Amino acid sequence: MIRTTPFHERLTELNDQQLYTHWSGYLSALRFSHAPKHEYFAVRNAVGIFDTSPLFKYRITGPEALDFLSGVVVRDLSVLRPGRAAYTLWCDDRGFVMEDGVVFMQSDNELLMTAARPLLSWLTSHEHGRRVVVEDVTDDYAMLAVQGLRSRDVLAGLVPEVTELPYFGQAEGKLASVPVTVSRTGFTGDLGFELMVAAADALTVLDAVLEAGAPHLMRPFGEEALMTLRIEAGLPLTGVEWHDSRTAWTDHDRVTPKELGQGWMLKGVRDGSRRFIGSEAIRRELVDGTSRWATTGIVVDWQAWNRLHRDNGELPTFDEQALGWEQWLRTEDDTQVGYVTSFCYSPVLQRHIGIARVRPELATAGTTLHMETTLHHSTHMVAVETTSMPFFNPARKTAK
Amino acid sequence: MSETTATSTNGRTGTSYDAIVVGGGHNGLTNAAYLSKAGLRVLVLEQRHLVGGAAITEELRPGFNFTTFSYALSLLRPEIVHELNLVQHGFMPLMMPGDFHPTGDGDYLLFGDDDDQNVEMIRRHSPRDADAYGRYNHDLDKVIETIQPLFDNPPPNIFGGNTGRDPDDQADIAWLLKHLGSVDRKTMHDTVRMLTGSAADLLDDYFEYEPLKGYLASSSSIGNRIGPMAGGSGLVLLYHKMGEHDGHLGSWSFHKGGNGGFTQVLARAAQSFGAEIELNAHVDHVLTRDGKAIGVVLADGTELTAPIVVSALDARRTFLDLVDPRELPDDLVDNVRRTRYRGTSSKVNFALDGMPEFPGLKGAAPFGGFLNIGPTMEYLERAYDAAKYGWYSDRPFIDGALQSVIDPDMAPPGKHVLSCFVQHAPYQLKGPHGPVDWETERENWADKAQAVLEEHFPGFGKLVLQREVVLPTDIEAKTGLTEGNIFAGEFLAPQMYFFRPAPGYSQYATPIDGYYQCGSGTHPGGCVIGSPGRFASQRILRDQEQRG
Ligand SMILES: Cc1cc2nc3c(=O)[nH]c(=O)nc-3n(C[C@H](O)[C@H](O)[C@H](O)COP(=O)(O)OP(=O)(O)OC[C@H]3O[C@@H](n4cnc5c(N)ncnc54)[C@H](O)[C@@H]3O)c2cc1C
């Protein structure tokens, strides 16, 4: 049976659409009002909250917790300190990405890791006698993302710890007398925080946040708005930008961290100084230059877009809702050289943007390519240019 | 909000420029940005302490930001956003959450972005109007598709005579005829009805529910001295429907920080291309020699030279004040003299202690964004009646924007600003014994507006922390817009397109060599659009090129 999150009881009262999708067995709101664009703008220009409770959560404790996890995930965790968090991928032994998540370091021997898919047996199978305990604590906690321009203003009066929190920092605090973990993390590419709270206390925390947020025009946002936000932020999404290598049928659906545009995570891999699951395969990929793809942003030529529509008797469309399918990228001579995995109109950038995968030699920013699009039930081409990501990257995201 | 009210301008570094733009409204700034982008050394001269003209935001009370004049954005041409890299400088149009229209009987219409919900809202009152609504919108969109290319291109010069016509003009005319020739019968007829007929006639053809017609007709009398029942009101309605937010026609947005936020973005963009902006610089007149513009003289006597002078002011100022009309052809001067301005628009802007409450909505108010108070067409027409005889409405029509619901930076947390466009208040008051000074009526007029708000939102008065009253005379005094006409010349068919600002002078040049016009008095006219500034820059650069 479909479950509801600890915040659902209250959030559903604020949802005049009652449109939900399923996320890891939970109901997850698609939108709260008739126009998800308002929810989108709430984040970019005020503040929004998003219920991320369905994320799987694992607690890893013991004197060798960090050592253990370092040998499992892609990111170099040796630099992690208590009070800090890190975004990471993890791969299979062929160096293909399985999933992603955030590792929170609570103390020297306690870590918490979020994941989009269940992970317990895989994690424990890699313990190899280390002194660690890995537990699934998914149901123990609710998680609330408080994101956007005013997120700090809203939370400052509730958990003063947020005012000092650096990007990807985390702290323990009390919110409405309830213990919470607050971290400066999120999936919107904006200034933002996430609150982790014991499931039983979820509503107390939510009510306090809602009350503090109201004067700042806070809105809950759903998955549709989140999709636009995370595309603008250039953040890849599992199931969209790639498929969990364990369940992919062919290598067409698999990507390596480098192919996914996350090569920055691979410090110490090329020279073999860092080992984790899949690192050897990735090392060979780096040394031999065998990456099949490079991930890049694309921006549609606005004049070409307008012309295409007007020449066909249509008014140009500017839809911030992400397309639900891929579009192919071609060169001038019509060879397919890539595909767009996520595509939408960005209201803050006033441009159609997309996350794409192209042949590595074409990923240099400023390369002109042509994207397939459909109009009047047939295929048309529109010029795009490759660009670096994030598309939208406000200074406030990481600023003190 | 310091970002939008603080005018960080670079000032003037010299006395001689390639081009001088008189007036730092949005059109002057747009024009200057394009000219500097093309490599010209450009100076903008603005008489006030801030740029923006009729598009400004002022913090009149700590934390409360007032959009003194214009209060919403949507007609701005997307080309300008891209060509001037405005996003990079902070361009951010926020989508208005909706339109709230009390129906006068305690009920309401609330329109948002979901068409199905809008239709349901209408069906609640009239099942017949529910499907008419879709038909109406589609028909209007077709008219817009017809008109938009005219709107988005400078008007062709049709007055050249048939022999020896300039080949460019010939091509423009051919383009226009071809375009019009492609329009289907119904749409062409609808177009002419809209351009010349009344909003009331049009709406009566589709709808039966009076408050729905009142809601739709409201934009037909904005800015003009006209009621929805008069011929010509269709044109203003059409104009407003042409606005969009990210391609959604008829949907208006609010720029982050108000239209003052927008003009600050423009100023930054212009400066990034190298334009200089000098504030507190009132231009007294344009210097000419042998039929050529050679510079300007400021009120303090300073002379600045440039072979190109662009007036971003309305036609009265451009042709009758800045230059000696004796230097101009009679037909131009005559036409400019008889252009109708007759402002009847006023603003009453409020700082509020909380959200106004509408009894029909009980409890949490889901409205926000636009508040439209003019329940029926008859109400709108009556709100206009007095203006015909030189007096203001007893029960005015209000188009308000509760901007703090969209942009938290407009007011302190929990507080609000409501920017109200209130009509009709004629520029020249006429009592039984002759002209009446507006100053004696200023607060009475604002009281009338506030009483209307009180009627629909009981307790409104108790929320008012501060009120700013902007009369047509204030508009004129502060921006220079003649008689306070918000469009820089009424939107009437004989004052549009190739007749704007005068037949034969609609292509941004003037009879004085090197003297150009780029204000809202030129095609396509008023509103925060930017096209006059952009088209004029194209004309100037083309003339430059031809001169070599
Ligand atoms: C009350 C009101 C409400 C409106 N509401 C809206 C709205 O919501 N949305 C919309 O799109 N449009 C609206 N409009 C219309 C729109 O604001 C104007 O059409 C537009 O801003 C005009 O721009 P402009 O650059 O052509 O001229 P202006 O904005 O009038 O700029 C002219 C500038 O020139 C300066 N100036 C004048 N004389 C001199 C001189 N001699 N020397 C130096 N400088 C001088 C002025 O100070 C001013 O800054 C409204 C207008 C008004 C007045």
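Within the range A:59-89, can you find the residues that are part of a strand (DSSP E or B) and either free of Cβ contacts under 8 Å to residues at least 60 places away in the same chain or among the polar types (S, T, N, Q) (or both)?
Hits for the range A:59-89 are A:T61, A:T88.
For residues in the range B:52-81 being of a type in the set (A, V, I, L, M) and under 16 Å from the mean Cα position of the chain (by Cα), which is surrounded by the fewest Cβ atoms within 10 Å (Cβ to Cβ)?
B:L75
Of all the strands (runs of 3 or more DSSP E) wholly in the range B:285-381, which have at least 3 residues that are more than 25 Å from the chain's Cα centre (by Cα) and over 20 Å from B:G480 (Cα atoms)?
B:292-298, B:303-305
Could you say which residue among B:V296, B:V309, B:V265 is farther than 23 Å from B:N485 by Cβ, within 14 Å of chain A (Cβ to nearest Cβ) and either more than 12 Å from the ligand (Cβ to nearest atom) or modelled with pLDDT of 95 or more (or both)?
B:V265 is the lone residue from the list that is farther than 23 Å from B:N485 by Cβ, within 14 Å of chain A (Cβ to nearest Cβ) and either more than 12 Å from the ligand (Cβ to nearest atom) or modelled with pLDDT of 95 or more (or both).
Which residue pairs have Cβ atoms closer than 7 Å, lie 6 or more positions apart in sequence or on different chains, and pair a first residue in the range B:235-247 that is within 26 Å of A:S346 (Cβ to Cβ) and within 11 Å of another protein chain (Cβ to nearest Cβ) with a second residue that is aliphatic (A, V, I, L, M) and surrounded by fewer than 22 Cβ atoms within 10 Å (Cβ to Cβ)?
Close Cβ pairs (under 7 Å, with a partner that is aliphatic (A, V, I, L, M) and surrounded by fewer than 22 Cβ atoms within 10 Å (Cβ to Cβ)) amount to B:G247/A:L315.
Find the residue count for the range A:209-232, including only residues that are touching a residue at least 24 places away in the same chain (Cβ under 8 Å), within 24 Å of A:A156 (Cα to Cα), within 14 Å of another protein chain (Cβ to nearest Cβ) and assigned to a helix (DSSP H, G or I).
4
Considering every residue within the range A:343-365, establish whether at least one is more than 14 Å from every other protein chain (Cβ to nearest Cβ), closer than 18 Å to A:H309 by Cβ and within 24 Å of the chain's Cα centre (by Cα).
yes
Filter the range B:71-105 down to residues that are in contact with a His (Cβ under 8 Å, 6 or more places away or on another chain), facing chain A (nearest Cβ under 10 Å) and β-branched (V, I, T), then give me how many there are.
0
If the requirement is being touching a strand residue (DSSP E or B) at 6+ places or on another chain (Cβ under 7 Å), more than 16 Å from the ligand (Cβ to nearest atom) and not assigned by TED's automatic domain parsing to the domain that holds B:M496, which of these qualifies: B:G112, B:G98, B:G106?
Answer to the check: B:G98.
Name every residue in the range B:99-132 that is without any contact (Cβ under 8 Å) to a residue 24 or more places away in the chain and either touching a Gly at 6+ places or on another chain (Cβ under 6 Å) or surrounded by 20 or more Cβ atoms within 10 Å (Cβ to Cβ) (or both), in order of residue number.
B:G112, B:N118
Does B:G525 satisfy being surrounded by 18 or more Cβ atoms within 10 Å (Cβ to Cβ), within 16 Å of the ligand (Cβ to nearest atom), within 30 Å of B:I147 (Cβ to Cβ) and at pLDDT below 95?
Considered against the rule, which asks whether it is surrounded by 18 or more Cβ atoms within 10 Å (Cβ to Cβ), within 16 Å of the ligand (Cβ to nearest atom), within 30 Å of B:I147 (Cβ to Cβ) and at pLDDT below 95, B:G525 comes out as yes.
Of everything in the range A:1-27, what is among the charged types (D, E, K, R) and part of a loop (DSSP other than H, G, I, E, B)? Give them in sequence order.
A:D16
This table checks each residue for (1) buried (at least 23 other Cβ atoms within 10 Å of the Cβ); (2) aliphatic (A, V, I, L, M); (3) modelled with pLDDT under 95.
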| position | (1), (2), (3) |
| --- | --- |
| A:A116 | no, yes, yes |
| A:L120 | no, yes, no |
| A:V132 | no, yes, no |
| A:V137 | no, yes, no |
| A:D140 | no, no, no |
| A:V146 | yes, yes, no |
| A:A156 | no, yes, no |
| A:P166 | no, no, no |
| A:E172 | no, no, no |
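Between a first residue in the range B:60-77 that is assigned by TED's automatic domain parsing to the domain that holds B:Q148 and outside any loop (DSSP other than H, G, I, E, B) and a second residue that is more than 15 Å from the ligand (Cβ to nearest atom) and among the aliphatic types (A, V, I, L, M), which pairs have beta carbons less than 6 Å apart while being 6 or more apart in sequence or on different chains?
none
One residue is enough: does the range A:375-383 have a residue meeting the conditions more than 14 Å from chain B (Cβ to nearest Cβ) and not in a strand (DSSP E or B)?
For the range A:375-383, residues more than 14 Å from chain B (Cβ to nearest Cβ) and not in a strand (DSSP E or B): present.
Does the range B:379-393 contain any residue that is in contact with a Cys (Cβ under 7 Å, 6 or more places away or on another chain), among the hydrophobic types (A, V, I, L, M, F, W, C) and within 16 Å of the ligand (Cβ to nearest atom)?
No, every residue in the range B:379-393 fails to be in contact with a Cys (Cβ under 7 Å, 6 or more places away or on another chain), among the hydrophobic types (A, V, I, L, M, F, W, C) and within 16 Å of the ligand (Cβ to nearest atom).
Can you tell me which residue within the range B:212-225, out of those that are in contact with an Asp or Glu (Cβ under 9 Å, 6 or more places away or on another chain) and within 16 Å of the ligand (Cβ to nearest atom), is nearest to the other protein chains (Cβ to nearest Cβ)?
Looking at residues that are in contact with an Asp or Glu (Cβ under 9 Å, 6 or more places away or on another chain) and within 16 Å of the ligand (Cβ to nearest atom), I get B:S219.
Looking only at helices (runs of 4 or more DSSP H) that fall completely inside the range B:130-249, which ones have 1 or more residues that are under 27 Å from A:G313 (Cβ atoms) and among the aromatic types (F, W, Y)?
B:167-181, B:199-206, B:233-241
Please work out if B:A270 is more than 12 Å from the ligand (Cβ to nearest atom), more than 14 Å from chain A (Cβ to nearest Cβ), buried (at least 24 other Cβ atoms within 10 Å of the Cβ) and closer than 30 Å to B:P78 by Cβ.
yes
Of (1) modelled with pLDDT under 95; (2) within 12 Å of the ligand (Cβ to nearest atom), B:E483 satisfies all except one. Which?
Only one criterion is unmet by B:E483, namely (1).
Going residue by residue through the range B:6-15, is there one that turns out to be outside any loop (DSSP other than H, G, I, E, B) and in contact (Cβ under 8 Å) with a residue 12 or more places away in the chain?
no
In this structure, is B:T473 of a type in the set (S, T, Y), within 16 Å of the ligand (Cβ to nearest atom), assigned to a helix (DSSP H, G or I) and modelled with pLDDT of 95 or more?
When the stated conditions are applied, B:T473 passes them.
Can you tell me which condition B:R225 does not meet? The list is (1) free of Cβ contacts under 8 Å to residues at least 12 places away in the same chain; (2) crowded, with 19+ Cβ neighbours inside 10 Å, and all the others hold.
Failing condition for B:R225: (1).
Rundown of residues vs (1) more than 24 Å from B:P97 (Cβ to Cβ); (2) modelled with pLDDT under 95, yes/no style:
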| position | (1), (2) |
| --- | --- |
| B:L361 | no, yes |
| B:E381 | yes, no |
| B:Y392 | yes, no |
| B:C420 | no, no |
| B:Y427 | yes, no |
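Testing A:A42 on (1) away from chain B (no Cβ under 14 Å); (2) modelled with pLDDT of 95 or more, one condition comes back false. Which one is that?
Going through (1) away from chain B (no Cβ under 14 Å); (2) modelled with pLDDT of 95 or more one by one, A:A42 breaks only (1).
Please determine whether any residue of the range B:410-421 is among the basic types (K, R) and part of a loop (DSSP other than H, G, I, E, B).
Checking the range B:410-421: at least one residue is among the basic types (K, R) and part of a loop (DSSP other than H, G, I, E, B).
State which residue is surrounded by the most Cβ atoms within 10 Å (Cβ to Cβ) when the search covers only the range B:446-478 and only residues that are in contact with a helix residue (DSSP H, G or I) (Cβ under 7 Å, 6 or more places away or on another chain) and within 14 Å of B:G400 (Cα to Cα).
Only one residue fits best here, namely B:L453.
The values are calculated or read from the model by the stated rules, or taken from the named source; none is laboratory data. Keep in mind the model is a prediction, meaning the values are calculated, not measured. When we count neighbours, we look across all protein chains shown, and the Cβ atoms used for this are built from the backbone with ideal geometry, even at glycine.
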